Amino acid sequence: MKKILKNSMIAMLAVFAVSCNVDDVEDRPVVTGIDAPVLEAPEEGNAYVLNPETMDLLAERFVWSAANFGEGIIPQYDLEIDFAGDNFDTPVAIGTTAGALQLAASHNVMNNALLALGATPFEIANFEVRVRAHVGSQELVSNSVEMIITPYSTESPKLYLRGNFLNASGYGADWGDNTNPPFIAGEAFGSTSFEGYIYMNVAAPEFKMIPNVTGFDGDYGDADASGSSGVLSQSEQSNIKLTTGAGYYWVKANTDPEIMTYTATLTNWGVTGSATPNGWPDNGIMDHDMTYDATEKVWKVTLTLSAGELKFRANDAWAINYGDAGGNGVLDFNDGTNIQVTTPGTYVIKLDFSNPRNYTYTLTAQ
């Protein structure tokens, strides 16, 4: 009798559970895309020059009508942008709203979306925007609106050096468009003052300075036919020509229209200091010379060091020297803070100038 009662109760619970599941399914609203949103603002063909100086200010307010997925259903809206003509194959979201029918985008928000898309800073291009409304797997997309936008970058500007020394120095084809050409870098965004160290392993280096990785648009050369005046020009210029032979050059340039100058100083690097076997150079003994490794793109030497201090300097002189003010492996130009060596031993010392304005060194115990 107990067994029959138990089985009956299980059967009743099963029927109740099935009934509840069926009711839940029947009560759920059916999500069906009915009416797509309409992007109402901005107007077709508006042009924008995004500006880092006003990055937090409004660039555009996007407005659209509501999508219809059925009564009481509020979708999520993604405002998407892509290159014009790409049919939104790989769009990037400018922003997202949970039911709101507008989105205010600052210069910075718009710019970040364009850079994520792969747009080139400071280069005008055509883009398309649209609104994608979605609930679960159901989605509706709006009309697209074309926008003409010039994005920006707040990275330090660069001048790429292309010339007859690239192949012999391990940088790629001479005068060609390279994926990683050598460059000199500005101090900060908007700077006209550039510097960097470049290896030029040919007897008579010639080159131009170009603000682009490819092409020669906006190139700088020497203002004189000799190519060695030290004055920059963007019109009627010749190649910059160095007469001091092959070697490792500290290249500086200033593209301010009121200045327009460049220098290229041949450098050979050494280590000096109380921690080195020769001590400080005040006793008339020269620095410990380092050797440039073109494969690693570093200067290096192996020395037995004592506890003490050291610095790096060029050409056995103090005009160009580096210390480490932060004690963090990053070099500081003409800084009075010597590099500390606390543990005596044999070290491989490397000096890395390959990343302009971010010069580093390492001391590796053997």
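Could you grab me the full set of residues in region 35-83 that are farther than 25 Å from ALA119 by Cα and loosely packed, with under 12 Cβ neighbours inside 10 Å?
Hits for region 35-83 are GLU71, GLY72.
Restricting attention to region 113-143, which residues are surrounded by fewer than 17 Cβ atoms within 10 Å (Cβ to Cβ) and within 29 Å of the chain's Cα centre (by Cα)?
Hits for region 113-143 are LEU115, ALA116, GLY118, THR120, PRO121, PHE122, GLU123, ILE124, ALA125, ASN126.
Being in contact with a strand residue (DSSP E or B) (Cβ under 8 Å, 6 or more places away or on another chain), assigned to a loop (DSSP other than H, G, I, E, B) and within 23 Å of PRO157 (Cβ to Cβ) is the requirement here; does GLY218 meet it?
Considered against the rule, which asks whether it is in contact with a strand residue (DSSP E or B) (Cβ under 8 Å, 6 or more places away or on another chain), assigned to a loop (DSSP other than H, G, I, E, B) and within 23 Å of PRO157 (Cβ to Cβ), GLY218 comes out as yes.
Return a yes/no flag: does region 160-175 have any residue that is at pLDDT 95 or above, buried (at least 20 other Cβ atoms within 10 Å of the Cβ), within 30 Å of ASP332 (Cβ to Cβ) and within 17 Å of the chain's Cα centre (by Cα).
Yes, some residue in region 160-175 is at pLDDT 95 or above, buried (at least 20 other Cβ atoms within 10 Å of the Cβ), within 30 Å of ASP332 (Cβ to Cβ) and within 17 Å of the chain's Cα centre (by Cα).
Going by what's in this entry, would VAL251 be described as under 24 Å from ALA204 (Cα atoms), in contact with a strand residue (DSSP E or B) (Cβ under 7 Å, 6 or more places away or on another chain) and either modelled with pLDDT of 95 or more or part of a strand (DSSP E or B) (or both)?
The answer is yes for VAL251.
Please enumerate the residues belonging to region 341-366 that are more than 23 Å from PHE194 (Cβ to Cβ) and surrounded by 13 or more Cβ atoms within 10 Å (Cβ to Cβ).
VAL341, PRO344, GLY345, TYR347, VAL348, ILE349, LYS350, THR362, LEU363
Filter region 190-206 down to the residues that are under 16 Å from LEU242 (Cβ atoms) and hydroxyl-bearing (Ser, Thr, Tyr), then identify the one that is surrounded by the most Cβ atoms within 10 Å (Cβ to Cβ).
Only one residue fits best here, namely TYR197.
The values are calculated or read from the model by the stated rules, or taken from the named source; none is laboratory data. What you see is a predicted model, and the numbers here were worked out from it, not measured in a lab. Neighbour counts are summed over all protein chains in view; Cβ atoms, including those assigned to glycine, are modelled from backbone coordinates with ideal geometry.
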